[in-house]
Amino acid sequence: PVHDALINEGTGPAEEWIKLIDNEKYSESWSTASVLFKKALIEKKWKELIVAARGSFGKNIERHIATKEYFKELPGAPDGEYVLLKYRSAFEKKKNSIEVITVMKDPDGKWRGAGYTIK
């Protein structure tokens, strides 16, 4: 529908960002994240959180997009433009997981990583 083009715009940057995380390029994933993300989390804290979240799962084996949604509002975040992607993922030590990656459009018009969770 209406937001498909925006969802597609945000999907590429989300996929690039998750590859940095997969390859343990945590500093680069932080430095290429959204302005809001970097204001909320210092780099050292991001590394601690992502290592704690992903460390015990091992390497990513496969990942498939389950849903892609566009939002102008998200709980706990300022209004803006967000794309939220949910993935069904498999890791070496955890076969069934759900990863949620949020990207947001920064003031310069570029989509950048703004959130990552894994269950």
(message) Cross-link candidates for residue 86: which aspartates and glutamates have Cα within less than 12 Å, leaving aside residues fewer than 8 places away along the same chain?
(response) 15, 69, 99
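Semi-axes of the equivalent ellipsoid for the chain, please: Cα gyration tensor eigenvalues, times 5, square-rooted, ordered largest first, whole Å.
22, 18, 11
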(request) Give the angle, between 0 and 90 degrees and rounded to the nearest 10, that separates the Cα long axis of helix 43-54 from the longest principal axis of the Cα atoms of the chain. (result) 60 degrees
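If you roll a 1.4 Å probe over region 1-57 with all protein chains in place, what percent of the accessible area is carbon or sulfur?
Accessible surface attributable to carbon and sulfur in region 1-57 totals 59 percent.
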(message) Please list 3J(HN,Hα) in residue order for region 108-115, calculated via the Karplus relation 6.51 cos²θ - 1.76 cosθ + 1.60 where θ = phi - 60°; whole Hz, with x for glycine and proline.
(response) 7, x, 8, 7, 9, x, 9, x
(message) What's the ranking of 58-64, 82-88 by average number of surrounding C-beta atoms within 10 Å, highest first?
(response) 82-88, 58-64
(message) Translational diffusion coefficient of region 77-119 at 4 °C, 1.567 mPa s, Stokes-Einstein with Kirkwood Rh over Cα pairs, in µm²/s as a whole number.
(response) 113 µm²/s
(request) Work through the residues other than residue 54 whose Cβ is under 10 Å from its Cβ and net out their charges, Lys, Arg +1 and Asp, Glu -1. (result) -1
(request) Hey, can you find the accessible area per residue of the chain for me, probe 1.4 Å, expressed in square angstrom? (result) 58 Å²
(request) Please identify which residues in region 38-70 have an amide N closer than 19 Å to a label point set 7 Å out from the Cα of residue 27, following the Cα→Cβ vector. (result) 38-39, 41-52
(message) Once you compute Rg and the Kirkwood Rh from C-alpha atoms, what is the Rg to Rh ratio for region 1-65?
(response) 1.02
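The values are calculated or read from the model by the stated rules, or taken from the named source; none is laboratory data. It should be emphasised that the depicted structure is a prediction, and the values quoted were computed from it without experimental measurement. Cβ: placed from backbone, ideal geometry, glycine included. Neighbour counts: every protein chain shown. Protein only, heavy atoms only, side chains kept; ligands, DNA and RNA dropped before computing areas. Shrake-Rupley method; radii C 1.70, N 1.55, O 1.52, S 1.80 Å.
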